[in-house]
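The next block holds one structure in the form of structure tokens; read it before the comments.
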Amino acid sequence: MAKGMILAAGQGTRVRPLTKNLPKPMVPILGKPVLEYLIEHLARYGIREIMINVAYNHYKIENYFGDGHRWGVSIGYSYEGVRDHGEVVPKPLGSAGGMRKIQDFSGFFDETTLVICGDAIIDLDLGAAIHEHRSKQAVASVVTLDVPRDQVQNYGVVVADDEGHVKSFQEKPTPEEAKSTLASTGIYLFEPEVLKLVPPGKAFDIGSELFPMLVEQELPFYAQKRFFNWIDIGRLSDYWTVLQRVLSGEVAQMDMPGKEIRPGVWVGPNTSIAWDSVQIVGPVYIGSSVRIDPGVSVIGPTWIGHGSHLKSGVRVERSILFEYTRLAEGQRFSEMIISPQYCVNRQGNAYYVGDDEFPLRWGDSRGR
């Protein structure tokens, strides 16, 4: 079939505080890391040999996925770091540099390789993408998605001719400047010879450095235009939007965990909920060991992580509660991401426990 490369070495600075102690690919959606959905998707299409490049908080990825056998795949890791005063510290090599490091070490990329960013969920038909890449005898392909012109400034834009030959790129152009509305999705297909163009031992990026080189050398480099769900958690506000879409059932292959005990209300095991005196309007997921006291209102789409406690009079609307979040009596939250340490509104503004400008009190989360 093909081999897989998942890019997971970035720091995820644009989605802090979610990534304060967590690599971006490990940010949860429906209680599962984004990266797990990707690995399941690769396995579904028979891509079973997968390399993941890692750097910041790498052990959280490695400890969770191990050798990959639970997903029916074989996973290897390539740590990107340097020795600094006797300690090895993270230093990512860029998307292309990370692949060159693996290739120089073992020659792993000896057939068509699907390269994918570890921070987006996709339902792309990988078999069709690989078939088109091979039938055109491309050395490199970039999968693109047509986006509305008024959104092009959020993306790297690919300019291609009628046959799909890539001619140039524009990084986040204004709608007026944009020569195309094809956005690069960070999904690529490479033949092994492409990696010979990447300089060894240095940071090198696929989009901004390798691709212009392919265009300049007039190699068979194609853009594929496909229609699929591409859910990118680029910014904090995207994370809130994604979870709302997922809870509303808009995204294929995203099944709600737990048992559906009322229409649109899913519940995990070992919960204590005062059903006779609470208002719960789906879609709502309530994780295991959650306690919901009398007089609480939960309006969906809302996700309540396991071990949380909503005390009497609490009202939560269209929000996400991370695990072990306690909300004190009478508190009201609308369109928020809430954790025991911080709270983020849908615009992406973060507030921390104890901040003067944040008027609400959390429940005491020390008793967890």
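Since every read-out is calculated from the coordinates, none of them should be taken as a lab result. Worth saying up front: this structure is predicted, and the values here are computed from it rather than measured. As a convention, Cβ positions derive from the backbone with ideal geometry for all residues, glycine included, and neighbour counts pool all protein chains shown.
Tabulated results
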{"quantity": "Cross-link reach list, lysines versus residue 311, counting only Cα pairs under 25 Å and skipping chain neighbours closer than eight places", "calculated": "259"}
{"quantity": "Likely footprinting exposure, 214, 327, fewest C-beta neighbours within 10 Å first", "calculated": "214, 327"}
{"quantity": "Pairwise FRET efficiency - residue 153 versus residue 128, Cβ, R0 = 25 Å, nearest 0.05", "calculated": "0.30"}
{"quantity": "Qualifying chymotrypsin sites (Phe, Trp or Tyr not before Pro) for segment 179-261 [loop in DSSP, other Cβ within 10 Å: at most 10]", "calculated": "227"}
{"quantity": "Efficiency of FRET between residue 111 and residue 215 - r from beta-carbon atoms, R0 22 angstrom, step 0.05", "calculated": "0.40"}
{"quantity": "Taking 311, 196 and counting other C-beta atoms within 10 Å, the order from fewest to most", "calculated": "196, 311"}
{"quantity": "In sequence order, calculated HN-Hα J values of segment 264-281 (Karplus, 6.51, -1.76, 1.60; Hz; x Gly/Pro)", "calculated": "x, 10, 10, 9, x, x, 6, 10, 10, 10, 7, 3, 6, 10, 10, 10, 10, 10"}
{"quantity": "Highest-fluctuation residue, 115, 147, 242 considered, GNM on the chain with Cα pairs under 10 Å", "calculated": "147"}
{"quantity": "Zone of residue 208's modelled label, taken as backbone nitrogen in segment 93-110 under 14 Å from a point 7 Å along Cα→Cβ", "calculated": "93-97"}
{"quantity": "Whole-Å distance, taken between Cα centres, linking segment 21-51 and segment 253-278", "calculated": "25 Å"}
{"quantity": "Rounded if a/c under 1.5, otherwise prolate or oblate - segment 256-367, Cα gyration tensor axes", "calculated": "prolate"}
{"quantity": "Stretchable slack from residue 89 to residue 312, in nm (0.36 nm times residue separation minus alpha-carbon distance)", "calculated": "75.6 nm"}
{"quantity": "Answer label, with Rg and Dmax of the Cα atoms in Å calculated from the coordinates and candidates [x] 22.3, 70; [y] 24.5, 84; [z] 24.5, 79", "calculated": "[x]"}
{"quantity": "At R0 = 30 Å, FRET efficiency that the Cβ-Cβ distance of residue 163 and residue 229 yields, to 0.05", "calculated": "0.70"}
{"quantity": "J(HN,Hα) series, segment 286-303, from Karplus relation 6.51 cos²θ - 1.76 cosθ + 1.60, nearest Hz, glycine and proline x", "calculated": "10, x, 5, 6, 8, 10, 10, 7, x, x, 8, 10, 10, 10, x, x, 9, 10"}
{"quantity": "Segment residue 177-residue 288, length gained on full extension (0.36 nm per residue, minus Cα span)", "calculated": "34.9 nm"}
{"quantity": "Long-range HN-HN contacts of residue 332 with modeled amide H, under 5 Å", "calculated": "315"}
{"quantity": "Backbone HN-Hα couplings from phi across segment 199-210 [Karplus 6.51/-1.76/1.60, Hz, Gly and Pro as x]", "calculated": "x, x, x, 9, 5, 8, 9, 5, x, 8, 10, 5"}
{"quantity": "Neighbour-count ranking [beta-carbon atoms within 10 angstrom, fewest first] of 266, 303, 275, 71", "calculated": "275, 71, 266, 303"}
{"quantity": "Residue pairs, from the table 60/101; 32/196; 32/101; 24/202; 136/167, whose Cα atoms sit over 27 Å apart", "calculated": "32/196; 32/101"}
{"quantity": "Added length on full extension, which subtracts the Cα-Cα distance from 0.36 nm per residue, residue 352 to residue 193", "calculated": "52.4 nm"}
{"quantity": "Positive-end residue of 305, 8, 195, charge dipole of the chain with Cβ unit charges", "calculated": "305"}
{"quantity": "Segment 23-121: C-alpha gyration tensor shape, a/c 1.5 cut-off, then a/b vs b/c", "calculated": "oblate"}
{"quantity": "Local net charge near residue 173, Cβ-Cβ under 11 Å (Lys/Arg +1, Asp/Glu -1)", "calculated": "0"}
{"quantity": "Highest average packing first - 58-67, 1-10, Cβ atoms within 10 Å", "calculated": "1-10, 58-67"}
{"quantity": "CD proxy at 222 nm, helix term only [per DSSP H run n ≥ 4: -39500 (n - 2.57); per residue of the chain; nearest 500]", "calculated": "-5000 deg cm²/dmol"}
